[in-house]
Amino acid sequence: MNLRLLMACVAFMAGAPVAAEVFEQTLPNGLKVVVKEDHRAPVVVQQIWYRAGSLDEKTGTTGVAHVLEHMMFKGTKAVPVGEFSRRIAAAGGRENAFTSNDYTAYFQQLHTSKLPLAMKLESDRMHNLKLTDAEFAKEIQVVMEERRMRTDDQPRALLEEKLNAAIYLEHPYQHPVIGWMSDLEAMQGADARDWYQRWYVPNNATLVIAGDVKASEVFALAKQTYGKIPARALAPRRTYSEPAQVGIKRLVVKAPAELPYLVMAYHAPTLRDAARDWQPYALEVLAGVLDGNESARLNKSLVREQAVASSVGAGYDSIARGPSTFVLEGTPTEGKTVAELEAALRAQIDKLIAEGVSAEELQRVKAQVLANEVYQRDSVFYQAMQIGQLESVGLSHRDIPVLLKGLQEVTAEQVVAVAREFLKDDNLTVATLDPQPLSGKPAHAAPAGGFHAH
Amino acid sequence: MRTKLLVMFAGLVVATSAWAGPQIQSWQAPSGARVLFVENHDLPMLDVAVSFAAGSAYDTAEKSGLAALTHGLLDHGSVDLSEDEVAKQLADVGAQLGGGFDPDRAAITLRTLSHARERGLALSILAQVVQQPVFPQAVIEREQARIVAGLKEAETHPEHLADKAFRAAVFGTHPYALSGSGEVATVGKLSRAEIEAFYSAHYLASGAVVALMGDVTRAEAEAIAQQLTERLPRSGANFSLPRVPALAAASERRIPHPAKQSHVLIGAPGMSRSDPDYFALYVGNYVLGGGGFVSRLMEEVREKRGLAYDVHSYFMPMQQAGAFQIGLQTKGEQAEQALQLVRKVLADFIAQGPTERELLAAKQNIVGGFPLRVDSNRKILDYLSVIGFYHLPLDYLDAFPSKVERVTTAQVRAAFARHLDPARMATVLVGGGAGEPK
């Protein structure tokens, strides 16, 4: 923490504005409004976050959260189809939306003076969407093209989709956010309307405004716009507890490609109590020790020294509504197999558990965390993203300093402890991409996956 | 309606011009390097970029990939530091080393905390990386193998095949046709001597542009710029890129690939950074296919017909004329329909230009959204590098809104007609049944 405090001090002495402040208010209809003031440039970002993602979907209508995201641009009683985008564009704005497992969010970035327009338009489509079958019929075609582009024709995305379906037996994280193609083909306008009715209410959303604004003025605007929308009771949410995995799982995905690819995904927890949990922080630091810089363990050993991989990585995300995974992945060098790469990755984990983590490695990861905290303040959009994400998964923007503290307090013993507890075969699903020649003829080599004993 | 829109527009201009954008300071370092600096103490950090005229356009077809390999190896070992020491010491102070590479330009970037200890250490490493790389033989071989593997993989991706065929069709024998990272057949043959020769010839102080953005003073910035370039050779042989000839005729290439979608690219040589029609083409393209959800292409292809998720057009302004390109992806069965539609939209636009109303909407967005272009240190740093590298006027950013405002429909029409001929466009289709026997 000392380093960070020092930074703030330097900034202050140089005559910079004091650290950006965050303000929060919940309207009577349940909409939570969070404002982050940042006066560096006369711009603002509005993001509205709905706690409705693919996690909330049912078998048969997967992808509907994302389809609705598309339909939100198709007009309301007062703002005809296409007008939303035209008005934001005419105000000099940029806009888009995104859907994940956990949430759906919409954003506009504009000159500060245009915030009232953006809030008027965004609040209008929260409760006045006109979702016609005719517009749906066209837009579902666009979504299918999006699926072909992002998943069907992308071998590694296809692998990831099938990997998730294998990792989770019951949890809805088994379904792709874009939806299975047959669900998209069967989907009707009514499915999207039902989804909108069910989730698009102020008491299921967080409004985040960041930029060159005064919080008091934003709260007043929010009352005038979103404040008029009545709350509606939300249907109770199902929570899922994925049945315990009882042995290693393996799958092979064949797709047109040149290089094989390996992903090892271990079940891992997510952050629930920012002040008390320690394992998610230790897992974040573990990912940093393995893959936090070009000379971290995996790249140094597997790419540079052993030359068993042409690329390699480790990843873990502690912030989600559902469970998480700790992932190791890589591409073997020519002449090496995925089995050899898997063995090399396992050897790195075994070594870490047996020999521990050095103080130097730990300090390096923490220094990067502290520096990133400063760098992230360069982007108003990112600051809003961080707030919206935390609020949408059941944490709070107030947890941001708590998260930093949690990461700084991780010990070498804790890093080893989480590696030992979570990186074990009963938690593991291994997926390999078996590259197929473009001609569609059978592969010349044996399947790249292999079911070797370990 | 017109009047009302014009009033709103005037309002926008007032709103944006009340804010002073970044104040650019510029000078020549004693080393000969050109320096552009914006002093800003809002955040305790510093961004630096050092750019050289050392992109893939300085390769030859026989040695394709040499420029990228040289650039990629800079941080893999220097006189005093091994590649491991570079990575570890930067991570120890939380600094981030990065780079940029395109046909014209090879850049090395650094983001660091501005506190003296962190900044000093990070900059001393950057100074080594830029000025004293040693290109160890074992590292060269390892990186060559990785690049070749990546290229072999890329050769199986429809978007890569489409880009490659498009560049060949638009640029022919001009070096802009060369692949950025080289070819499977060329990269493995590049020697250490060739890498060293390329580095010595193209990483020169006189051609270097040092961009600095953030929490340092002018005096500190002057010292940093000198520190990063003083050990480079001052000057060397002059390399200039040939002009890009216009296409003599239309071409069409269809390449089979098992992908469900066809990747469709249409284009021709477009404009250079110094083109007098720069703003007319830029604003016009917003109307045609650059304006997010509100362009003509988006309206016709996606909104009205649901034919594609992504459809766009752009001009890539380069030292010489970069590509004008329209791109989309759609399932194979409707590729022909989408292709014909896009050709019609383009031909109509070239013949008639934008309407007054479309032009006004374009100006409203570009001028009104101007502050979004310079709202972070990162974005300002990128502008500094571009302004310095392409010798754009130092008031480029200040003048940008008024240059956009002055564009007329007649200028757009004339500029498009001068640069693009619908009867002489290159077309490439990959996948979705393209190029397969019916």
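Side notes on the structure shown:
Residue-by-condition table, conditions (1) surrounded by fewer than 18 Cβ atoms within 10 Å (Cβ to Cβ); (2) assigned to a helix (DSSP H, G or I); (3) in contact with a helix residue (DSSP H, G or I) (Cβ under 7 Å, 6 or more places away or on another chain):
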site: B:109; (1), (2), (3): no, no, no
site: B:118; (1), (2), (3): no, yes, no
site: B:135; (1), (2), (3): no, no, yes
site: B:141; (1), (2), (3): yes, yes, no
site: B:165; (1), (2), (3): no, yes, no
site: B:198; (1), (2), (3): no, yes, yes
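- Count - residues of the range A:225-266 that are within 23 Å of residue A:438 (Cβ to Cβ) and either small (Gly, Ala, Ser) or free of Cβ contacts under 8 Å to residues at least 24 places away in the same chain (or both): 2
- Of the residues in the range B:332-349, none is under 30 Å from residue A:69 (Cα atoms) and part of a loop (DSSP other than H, G, I, E, B).
- Residue list for the range A:322-337, restricted to those being in contact with a strand residue (DSSP E or B) (Cβ under 6 Å, 6 or more places away or on another chain) and away from chain B (no Cβ under 14 Å): A:324, A:325, A:326, A:327, A:328, A:329
- For beta carbons closer than 7 Å, sequence separation of 6+ or different chains, a first residue in the range B:286-306 that is touching a residue at least 60 places away in the same chain (Cβ under 8 Å) and a second that is basic (Lys, Arg) and part of a helix (DSSP H, G or I), the qualifying pairs are B:287/B:296; B:288/B:296; B:294/A:86.
- Pairs linking a residue in the range A:134-145 that is more than 8 Å from chain B (Cβ to nearest Cβ) to a residue that is buried (at least 20 other Cβ atoms within 10 Å of the Cβ) and of a type in the set (Lys, Arg), with Cβ atoms under 6 Å and 6 or more positions apart or on different chains, are A:135/A:74.
- Applying the set (1) within 14 Å of another protein chain (Cβ to nearest Cβ); (2) in contact with a strand residue (DSSP E or B) (Cβ under 6 Å, 6 or more places away or on another chain) to residue B:256 leaves exactly one unmet item: (2).
- Residue count, the range B:325-350 (criterion: of a type in the set (A, V, I, L, M), touching a residue at least 60 places away in the same chain (Cβ under 8 Å) and away from chain A (no Cβ under 14 Å)): 6
- Condition broken by residue A:373, with the remaining ones in (1) assigned to a helix (DSSP H, G or I); (2) closer than 30 Å to residue A:251 by Cβ; (3) acidic (Asp, Glu) satisfied: (2)
- Matching residues, the range B:20-72, being outside any strand (DSSP E or B) and among the charged types (D, E, K, R): B:42, B:59, B:62, B:63
- A Cβ distance below 6 Å, combined with a sequence gap of six or more or placement on separate chains, defines the contacts here; from the range A:109-126, residues that are part of a helix (DSSP H, G or I) reach residues that are among the charged types (D, E, K, R) in the pairs A:112/A:212.
- Just one residue in the set A:213, A:253, A:218, A:263 is β-branched (Val, Ile, Thr), farther than 30 Å from residue A:163 by Cβ, away from chain B (no Cβ under 14 Å) and surrounded by 19 or more Cβ atoms within 10 Å (Cβ to Cβ); that residue is A:218.
- Members of the range B:79-107 found to be part of a strand (DSSP E or B) and more than 14 Å from every other protein chain (Cβ to nearest Cβ), listed by number: B:100, B:101, B:106, B:107
- Matching entry among B:388, B:368, B:353 (being crowded, with 22+ Cβ neighbours inside 10 Å and at positive phi): B:353
Residue by residue, here is whether (1) crowded, with 20+ Cβ neighbours inside 10 Å; (2) more than 14 Å from every other protein chain (Cβ to nearest Cβ); (3) at pLDDT below 95 holds:
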site	(1), (2), (3)
A:96	no, no, no
A:102	yes, yes, no
A:118	yes, no, no
A:131	yes, yes, no
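- Boolean, residue A:349 is farther than 30 Å from residue A:35 by Cβ and outside any strand (DSSP E or B): yes
- In the range A:263-275, the condition of being polar (S, T, N, Q), under 27 Å from the mean Cα position of the chain (by Cα) and in a loop (DSSP other than H, G, I, E, B) is met by at least one residue.
- Single match in A:410, A:369 (criterion: crowded, with 19+ Cβ neighbours inside 10 Å, β-branched (Val, Ile, Thr) and farther than 30 Å from residue A:104 by Cα): A:410
- Residue within the range A:187-204 that is outside any loop (DSSP other than H, G, I, E, B) and among the β-branched types (Val, Ile, Thr) present: no
- The range B:109-143: number of residues that are closer than 24 Å to residue B:233 by Cα, aliphatic (A, V, I, L, M) and within 14 Å of chain A (Cβ to nearest Cβ): 6
- The range A:284-300, residues that are within 11 Å of chain B (Cβ to nearest Cβ) and small (Gly, Ala, Ser): A:288, A:292, A:295, A:296
- With respect to the conditions (1) surrounded by 23 or more Cβ atoms within 10 Å (Cβ to Cβ); (2) among the polar types (S, T, N, Q); (3) within 11 Å of chain B (Cβ to nearest Cβ), residue A:318 falls short on a single one, namely (3).
- Every residue from the range A:282-331 that is touching a Ser or Thr at 6+ places or on another chain (Cβ under 7 Å) and in a strand (DSSP E or B): A:309, A:310, A:311, A:316, A:324, A:330, A:331
- Top-ranked residue in the range B:267-324 [being touching an Asp or Glu at 6+ places or on another chain (Cβ under 7 Å), in a loop (DSSP other than H, G, I, E, B) and within 13 Å of another protein chain (Cβ to nearest Cβ); ranked as surrounded by the most Cβ atoms within 10 Å (Cβ to Cβ)]: B:308
- Of all residues making up the range A:356-383, the number that are more than 13 Å from every other protein chain (Cβ to nearest Cβ) and of a type in the set (Gly, Ala, Ser): 1
- Index of the failed condition, residue B:376 passing every other in (1) hydroxyl-bearing (Ser, Thr, Tyr); (2) within 13 Å of another protein chain (Cβ to nearest Cβ); (3) touching a strand residue (DSSP E or B) at 6+ places or on another chain (Cβ under 9 Å): (3)
- Among the criteria (1) assigned to a loop (DSSP other than H, G, I, E, B); (2) surrounded by 18 or more Cβ atoms within 10 Å (Cβ to Cβ); (3) not hydrophobic (A, V, I, L, M, F, W, C), the one residue B:401 does not fulfil is (1).
- In the range A:83-94, the residue that is surrounded by the most Cβ atoms within 10 Å (Cβ to Cβ) out of those that are in contact with a Leu (Cβ under 9 Å, 6 or more places away or on another chain) and at the interface with chain B (Cβ under 7 Å from one of its Cβ atoms) is A:93.
- The selection criterion, being within 14 Å of chain A (Cβ to nearest Cβ), over 22 Å from the mean Cα position of the chain (by Cα), acidic (Asp, Glu) and closer than 30 Å to residue B:432 by Cα, does not hold for residue B:405.
The values are calculated or read from the model by the stated rules, or taken from the named source; none is laboratory data. This structure is a prediction, so every number in the text was calculated from the model and none was measured. Positions of Cβ are generated from backbone atoms using ideal geometry, with glycine treated the same way; all protein chains shown enter the neighbour counts.
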